[in-house]
Every structure is written in C-alpha cells, then in structure tokens.
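To start, the structure under review is shown below, and the notes come after it.
All of the numbers you see were taken from the coordinates with simple rules; none came from a lab. Values in this document were obtained by computation on a predicted structure and should not be read as measured data. Note that we place each Cβ from the backbone using ideal geometry, even for glycine, and neighbour counts take in every protein chain shown.
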Amino acid sequence: SLASKRTCFRAEGAVQCFGYNNYTGQLLGVGSEEEMVLVPTAVTGLSDVTRLVSDDDHACVIRGERLACWGSGSYGMLGNGEVRASHTPFEVASAIATIQAEPSVVPTLAPAQSVPVSAHITIGQKHVCTIVEGGRVRCFGENMLGQLGIGSTQSIASNVDTSVLGLDAAIEVATYGTTTCALRNGGEVACWGAA
C-alpha cells in the first residue's frame, strides 16, 4: 500500500511499514520515535491481516471480520470516537464480513451461481469507508466535502452505524482523495464527495 510519505505491506499476515513517521514520531505504528523509518519494520500487534490500506498519515487493516486503524486521528479518521493519534492499531469495527452477492451478468453470457465478495476497505485523504453487512457502505472521518455520503458535511469520529444514504448491495468500494465510489452487484456505480 503506497502513499506519498509511507509504504506498508503485508508479509505472512503481519504488516511492515517504513517512511515518514511524523515529526512527533510513532504514526507508522512500528514503535520507533524517529521521524523517518528507513527499513521495513513490523507494526506492533498485527497478525492475520487479510487486507491493508494506508494514506500519508494513517492506515487500516482487516483482520478476520475486524477493522483496525492507527496513525493520525485528525477529523476522526481512525473511527475510535476521538480526534487524536493512535500509535498502535485500534479495533474500530467487528461487523465487516464476507458477503455473498448476485453477479452482474451481461445478457449474452450464461448466469453464474453466486459471486463471493471479500470484505472491502478503502482509505481516502482523511476518511475511511468499508462494506458492511447487507452491502451497505459505512464511512467515518472528515466530511467537509460530503465524502462520508451521509447527507451532511458533519465529520464522524467513530464507526457508528451510519451508512451512505440510499446505497445497498455494494460489492466493492474505492476512494481517491475526497471522492468515494461503490460498485453495486447489478453493475451500477455510485459516487459521492468532491466532484
């Protein structure tokens, strides 16, 4: 997972990061207080990671059916109800599950059975979105440009049960900067946030 200030990767279920560790140190979650960590170093307390996303100052992983985030917490983008940094991964959700979705089928192709959909998580400039039960998309963090999709511009600092309005049956979600899009199982794409 590449960002302009850091690189993180999964290795046998663990996560290693290197790069900018913030001038106050420890935002990489590797236990170092140095401003720059120049060699890949294990993030404290992570194992069995199946998915990893990161941005310049924060990162999130999926471990089984749990979401954990660490790094800068400004705007509440760690989902822990606070707006301060966490130097170690903090579990913020347990409702992330593998879901089953009907496949999108081109009319000329024979229909398939059911398409298994892995849990999806995406990280934006200062917000996080993930697919939860029922194909709903839940986002938290900064919301000044409506990037949480909740019908307001109020930031959410915790992983409360607030989903993107009017959206269900999502099978993939992706974010770039302050825009997020979800692919629905019928093939439609819905986007929200900055235009």
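When only DSSP loop residues count, what trypsin sites (Lys or Arg not before Pro) in the stretch 1-66 have their Cβ near at most 16 other Cβ atoms within 10 Å? Please report the intermediate quantities before stating the final value.
Working: sites: Lys5, Arg6, Arg10, Arg51, Arg63, Arg66; in loops: Lys5.
When the trypsin sites (Lys or Arg not before Pro) of the stretch 1-66 are filtered for loop state and at most 16 Cβ neighbours within 10 Å, Lys5 remain.
Rounded, prolate or oblate, given the Cα gyration tensor of the stretch 7-87, with a/c below 1.5 counting as rounded?
Note, shape of the stretch 7-87 comes out oblate.
Grab the Cα-Cα distance for Ala14 and Thr153, subtract it from 0.36 nm times how many residues apart they are, and report the gain in nm with one decimal.
46.5 nm
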